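In what follows, a single structure is set out as structure tokens and then discussed.
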Amino acid sequence: MRVLISGGAGYIGSHTVVQVVAAGHDVVVVDDFSNAKPTVINRLEALTGTHIPVHAFDLTDRDKTERLFADERFDAVIHFAGLKAVGESVDKPLEYYENNLGSTFSLVRAMRRHGVGKLVFSSSATVYGDHAPVPYREDYEPLAAASPYGRTKVMIEHVLSDVAAADPGLKVALLRYFNPIGAHPSGTIGEDPQGIPNNLVPFIAQVAVGRREKLNVFGDDYPTADGTCERDYIHVEDLAAGHLAALTALEAAPAPVNVWNLGTGTGTSVLEMLHAFERAAGKEIPYEVVGRRAGDLPAYWADPTKAHEELGWRATRTVDDMCADTWRWQQGNPNGYPDA
Ligand code: UDP
């Protein structure tokens, strides 16, 4: 297949590019580099041993999107591109709605006009909202989310479901990610947050490498075994493999819309993660328990049964693998990707 990967320069996108190329497909990347460095493409070309064509523009630009589809022939699209910082989305809601919805509208419009029939979309466990029973199952309704970021994911799930229901030529996979961490085992690509990391493991990694003084643990008075929040951390390599499995399965999938959780099915607490990272880095990582972060749920994880049964996919990498690979990437690239 010839696959367009939007946001292919980003964290999950870049790891997926490597696996989609390795599976024998041709990949074209579209990315506006608003939250990624162009040098990631050099790393991807080195890892895959192939030239990766890149189109640098914002998908909300309908004319440019239309031109890309008029010039190239695609069999499928994997759509990662989007704004993704929960806190920022509260301060800039309009930007989040315009960007995340607008890019999806523009992309799907071009796909339909040019007869591209397979779309894999990056959704999130955030669509389960605050009340879903744990473990989260795909058939839970109604979808809800506590932030503008999360609501863009809920809205896009509805939009894509409606469009696919009305168009027999379009099949959609909605992949609900849990907490992706880790890096490619080569240590040459990984997560490169700009500014202060919002997420736990990138923050721990920056403390371990000496860029930050200590981890703030947001609350240890939750109703969990050690009082800190539990999440379903999934290795980005397992997550990327889930995209490939979904892409392959879409061809034969009976339903126009297919929802799959991509998680491990296991919760890990903040302190358990901190200690796993200490083992990987071979050093103590200073931390301080501070107040709770607004909006955090105590504990949740995926029921990954549906993806296993329907895709033959399951996450295989452990928390120790995730920490070892994150640490290799962070040590080799203490300041992330170079500018040029
Ligand atoms: N967390 C923390 N300190 C940090 C960042 C995160 O204690 O600097 C906690 C956070 O409260 C949550 C867990 O780590 O319980 C995972 O947070 P993250 O932002 O990585 O993912 P989320 O589950 O919120 O999407």
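The values are calculated or read from the model by the stated rules, or taken from the named source; none is laboratory data. Quick caveat: nothing in here was measured; it's all calculated off a predicted structure. Positions of Cβ are backbone-derived with ideal geometry, glycine not excepted, and every protein chain shown enters the neighbour counts. Surface areas here come from the heavy atoms of the whole protein model, side chains and all, with no ligands, DNA or RNA. Shrake-Rupley method; radii C 1.70, N 1.55, O 1.52, S 1.80 Å.
Applying the selection to the range 36-88, what residues are part of a helix (DSSP H, G or I) and of a type in the set (G, A, S)? Full working, then the answer.
Step one: of the range 36-88, the residues part of a helix (DSSP H, G or I) are 39-48, 62-71, 86-88.
Selection gives A46, A70, G87.
Of the conditions (1) more than 14 Å from the chain's Cα centre (by Cα); (2) surrounded by fewer than 22 Cβ atoms within 10 Å (Cβ to Cβ); (3) not acidic (D, E), T152 fails just one. Which one is it?
Just one mismatch for T152, condition (2).
Condition (residue is part of a helix (DSSP H, G or I) and open to solvent by 10 Å² or more (accessible area, probe 1.4 Å)) applied to the range 129-145: is it met by at least one residue? Steps first, answer last, please.
Taking the range 129-145 as the starting set, the residues that turn out to be part of a helix (DSSP H, G or I) are none.
So far as the range 129-145 goes, no, none of its residues is part of a helix (DSSP H, G or I) and open to solvent by 10 Å² or more (accessible area, probe 1.4 Å).
For the range 246-256, give me each residue that is within 22 Å of the chain's Cα centre (by Cα) and open to solvent by less than 20 Å² (accessible area, probe 1.4 Å).
A246, L247, L250
Counting only residues that are open to solvent by 10 Å² or more (accessible area, probe 1.4 Å) and within 13 Å of M273 (Cβ to Cβ), how many does the range 208-228 have?
If we filter the range 208-228 for residues that are open to solvent by 10 Å² or more (accessible area, probe 1.4 Å), which is where we start, we get 209-214, 216, 218, 220-226.
Now narrow it down to the ones that are within 13 Å of M273 (Cβ to Cβ): 218, 224, 226.
Residues that pass the stated criteria total 3.
Among (1) farther than 23 Å from M1 by Cβ; (2) open to solvent by 40 Å² or more (accessible area, probe 1.4 Å); (3) not polar (S, T, N, Q), where does Y96 come up short?
(2)
Which numbered condition trips up A240, out of (1) small (G, A, S); (2) open to solvent by less than 10 Å² (accessible area, probe 1.4 Å); (3) over 30 Å from D162 (Cα atoms); (4) in contact with a Ser or Thr (Cβ under 6 Å, 6 or more places away or on another chain)?
Here A240 meets the rest and fails (3).
Report yes if E66 is more than 18 Å from the chain's Cα centre (by Cα), more than 19 Å from V17 (Cβ to Cβ), among the acidic types (D, E) and open to solvent by 20 Å² or more (accessible area, probe 1.4 Å), otherwise no. First the steps, then the outcome.
Working: more than 18 Å from the chain's Cα centre (by Cα): yes; more than 19 Å from V17 (Cβ to Cβ): yes; among the acidic types (D, E): yes; open to solvent by 20 Å² or more (accessible area, probe 1.4 Å): yes.
Considered against the rule, which asks whether it is more than 18 Å from the chain's Cα centre (by Cα), more than 19 Å from V17 (Cβ to Cβ), among the acidic types (D, E) and open to solvent by 20 Å² or more (accessible area, probe 1.4 Å), E66 comes out as yes.
Residue pairs, Cβ under 8 Å, 6 or more apart or interchain, first in the range 290-311 and over 23 Å from N199 (Cβ atoms) and modelled with pLDDT under 95, second acidic (D, E) and part of a loop (DSSP other than H, G, I, E, B). List them.
Within 8 Å, no pair qualifies.
Would you pick out the residues in the range 266-289 that are within 16 Å of the ligand (Cβ to nearest atom) and of a type in the set (G, A, S)?
G267, S269, A276
I'm trying to understand the selection: among the residues of the range 37-63, which are more than 25 Å from I189 (Cβ to Cβ), surrounded by fewer than 19 Cβ atoms within 10 Å (Cβ to Cβ) and under 22 Å from the mean Cα position of the chain (by Cα)? Can you show your working first?
Filtering the range 37-63 down to residues more than 25 Å from I189 (Cβ to Cβ) leaves 60-63.
From the residues that got through so far, the ones that are surrounded by fewer than 19 Cβ atoms within 10 Å (Cβ to Cβ) too are 61-63.
Within the range 37-63, no residue meets the criteria.
Give the residues of the range 201-213 that are within 10 Å of the ligand (Cβ to nearest atom) and over 20 Å from M322 (Cα atoms), sorted by residue number.
Passing the criteria: only R212.
Exactly one of these conditions fails for F277: (1) over 21 Å from P185 (Cβ atoms); (2) in contact (Cβ under 8 Å) with a residue 60 or more places away in the chain; (3) buried (at least 18 other Cβ atoms within 10 Å of the Cβ). Give me its number.
Only one criterion in (1) over 21 Å from P185 (Cβ atoms); (2) in contact (Cβ under 8 Å) with a residue 60 or more places away in the chain; (3) buried (at least 18 other Cβ atoms within 10 Å of the Cβ) is unmet by F277, namely (1).
For the range 217-226, indicate whether the set of residues that are within 12 Å of the ligand (Cβ to nearest atom) and touching a His at 6+ places or on another chain (Cβ under 9 Å) is non-empty.
No, that holds for no residue.
Among the candidates G332, G336, G295, single out the residue that is more than 16 Å from the ligand (Cβ to nearest atom), at positive phi and out of contact with any Leu (no Cβ under 8 Å at 6 or more places or on another chain). I'd like the intermediate steps shown before the answer.
Details: G332 fails: at positive phi; G295 fails: more than 16 Å from the ligand (Cβ to nearest atom).
From the options G332, G336, G295, the qualifying one is G336.
Return the pair list, or none, for Cβ contacts closer than 7 Å from residues in the range 76-88 that are among the charged types (D, E, K, R) to residues that are assigned to a helix (DSSP H, G or I) and surrounded by 19 or more Cβ atoms within 10 Å (Cβ to Cβ), at least 6 apart or on different chains.
The qualifying pairs are K84/Y149.
Answer with yes or no whether I234 is within 13 Å of the ligand (Cβ to nearest atom), of a type outside the set (D, E) and crowded, with 19+ Cβ neighbours inside 10 Å. Write out each step before concluding.
Details: within 13 Å of the ligand (Cβ to nearest atom): yes; of a type outside the set (D, E): yes; crowded, with 19+ Cβ neighbours inside 10 Å: yes.
In short, yes.
If I filter the range 150-169 for residues that are part of a loop (DSSP other than H, G, I, E, B) and not charged (D, E, K, R), do I get at least one hit? Steps first, answer last, please.
Of the range 150-169, the ones part of a loop (DSSP other than H, G, I, E, B) are 167-169.
From the residues that got through so far, the ones that are not charged (D, E, K, R) too are 168-169.
Yes.
With the requirement that a residue be out of contact with any Leu (no Cβ under 8 Å at 6 or more places or on another chain) and under 16 Å from G150 (Cβ atoms), what does the range 66-91 give you?
G82, L83, K84, A85, V86, G87, E88, V90, D91, listed by residue number.
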